[in-house]
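Structure first, then comments.
Just so it is clear, none of the values below were taken in a lab; they were calculated from the coordinates. Because the structure is a prediction, the values reported are computed rather than measured. Methodologically, a virtual Cβ is constructed for each residue, glycine included, from the backbone with ideal geometry; neighbour enumeration extends over all protein chains shown.
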Amino acid sequence: MTILLLGSGGREHAFAWKMTQSPLCEKLFVAPGNAGTSAIATNVAMSPTDFDAIKAFVIQENVKMVVVGPEDPLVKGIYDYFKNDESLQHIPVIGPSKLGAQLEGSKEFAKEFLMKHNIPTAAYDSFTAETVENGCAFLETLQPPYVLKADGLAAGKGVLIIQDLEEAKTELRNMLVHEKFGAASSKVVIEEFLDGIELSCFVLTDGKSYKILPTAKDYKRIGEGDTGLNTGGMGAVSPVPYVDAVLMEKIETRIVKPTIEGFQKDGIEYKGFVFIGLINVKNEPIVIEYNVRMGDPETEVVVPRLESDLVELFLSVANQKLDTFELKVDPRSATTIMVVSGGYPEEFEKGKVITGLENIEDSIVFHAGTKLENDSIVSNGGRVLTVTSYGDDFQQAIKKSYQNIDKLSFDKMYFRKDIGFDLL
Ligand code: AMP
Ligand code: GLY
């Protein structure tokens, strides 16, 4: 079959790498893709949110399935666009409906869903410009630090954690009244601070049943020791050694099951990934966010650990046959280390020629932000490449990734040297 994958990052390269190993995948297009995906599939210069262009392309190329990587097209309603179009409605889209995507598109929607279905989450209230003074009064009732979340999509920057009450009030006003994050912060959720260890749970659902995917942990901060600014993610490890069967059981019964049942009760069509962000407070998992896609770079360690055929898995989601799918997982550890442009997540330069890719041994390089230019592979984003390795344990896998990163080079290349430091 012919498949169209939307997106251009490391997550999409990892999906493409796995899907092209399937005998069911005769032709894979990636829109827009990167230099990595162009080596194994056909890139198409098309925006993942240009639904009319996607429609024309899907019909022209006789595409049989669309897999959506990033959240943007989902929040903008690509699932519904296909469902409501006579010429497209027979083509499955792997991803939730527009309503389901609100779990990531609106923090307030997510909080209301969590409360309604009795899923553990931090206490909260939400405010607008009209109720900003009530918001300041609410802050006074809380203990520091204060957690302020822009309601809408803010490219991962919309959450502020502030120690000082007066500063929290100022930032609340900046968000609501002075549009600090544009329209995304026209509403703000103020939340109780949870003190614990963060972890993520990845679920794939067909709307009726679900599969829990291997656990993974990412490293969000730019600096070693988890310091400095937040990034998209600087590395990841799967499985997460401290997630044991007891904790997983709690996550499944208290969080995953009620989430999928909540979709059914609320009439939310959902055939795709649910990425549940949790904080483990004294061994009690509490939800801090939903994402409606896979994590990046978590995908670059989760997908390599899937032994099952990914196209077959997606088809069982599309056909609502996930309950009979046997998910096979590689018992080895996988780790990935992200190589980024110097300056990221602030200003950085692009177009740097990358050398050494041909010398990689026993690791997989997924491209995150690259493109082909005059027969060279050049950097084309903040996150550039990520090096994934397997090992009997995560230490062994990490060692392999670092050995291979030493063979790579481009001007102002940077990576964290301590991925996995907290798991020892
Ligand atoms: P989010 O975009 O919701 O994942 O939030 C970004 C980061 O803020 C998370 O990865 C957590 O580190 C932190 N965070 C979010 N909500 C809370 C909370 N209620 N308590 C403590 N930390 C939080
Ligand atoms: N790595 C975190 C995310 O994809 O949101």
By Cβ neighbour count within 10 Å, fewest first, H90, H117, H13, H367 rank H90, H117, H367, H13
Based on the Cβ-Cβ distance of E192 and E252, what FRET efficiency does E = 1/(1 + (r/R0)^6) give at R0 = 25 Å, to the nearest 0.05?
0.55
Considering every pair of different Cα atoms, what Kirkwood radius, in Å, is found for region 245-324?
14.4 Å
How about region 1-85: which GluC sites (Glu not before Pro) there lie in a loop by DSSP and see at most 14 other Cβ atoms within 10 Å?
E26
Relative to the present Cα-Cα distance, how much length would full extension add between A183 and Q395 at 0.36 nm per residue of separation?
72.0 nm
Once the in-chain neighbours fewer than 8 apart are removed, the lysines whose Cα is under 26 Å from K328 read K18, K27, K64, K208, K211, K217, K250, K257, K271, K399, K400
√(5λ) per eigenvalue of the Cα gyration tensor, the chain, largest first, Å:
32, 27, 22
Footprinting proxy, D309, D330, D218, D195: sorted fewest to most Cβ within 10 Å, the residues are D195, D330, D309, D218
Classified through the alpha carbon gyration tensor (a ≥ b ≥ c as square roots of its eigenvalues; rounded if a/c is under 1.5, else prolate when a/b is larger than b/c, else oblate), region 185-342 comes out oblate
Given charges at Cβ of Lys, Arg, Asp, Glu: region 252-337 dipole, positive-most of T324, I268, I286
I286
Out of the trypsin sites (Lys or Arg not before Pro) in region 229-287, which ones are loop residues according to DSSP with at most 16 other C-beta atoms within 10 Å?
K282
Taking +1 at the Cβ of each Lys and Arg and -1 at the Cβ of each Asp and Glu, which of L74, G196, T170 sits farthest along the dipole of the chain towards its positive end, judged by Cα position relative to the Cα centre?
L74
Rounded if a/c under 1.5, otherwise prolate or oblate - region 149-267, Cα gyration tensor axes
oblate
Which net charge results when you count Lys and Arg as +1 and Asp and Glu as -1 among the other residues whose beta-carbon is under 15 Å from that of V378?
+1
Could you work out how far apart the two model spin labels at E130 and E307 are, taking each label as a point 7 Å from the Cα in the direction of the beta carbon, and quote it in nm?
5.8 nm
Among the GluC sites (Glu not before Pro) in region 305-344, which ones are in a DSSP loop with at most 13 other Cβ atoms within 10 Å of the Cβ? Mind listing them?
E307, E326
Please list, or write none, the aspartates and glutamates whose alpha carbon is within less than 20 Å of the alpha carbon of K116, excluding same-chain residues fewer than 8 places away.
E104, E108, D125, D151, E191, E192, E252, E261, D266, E269, E284, E289
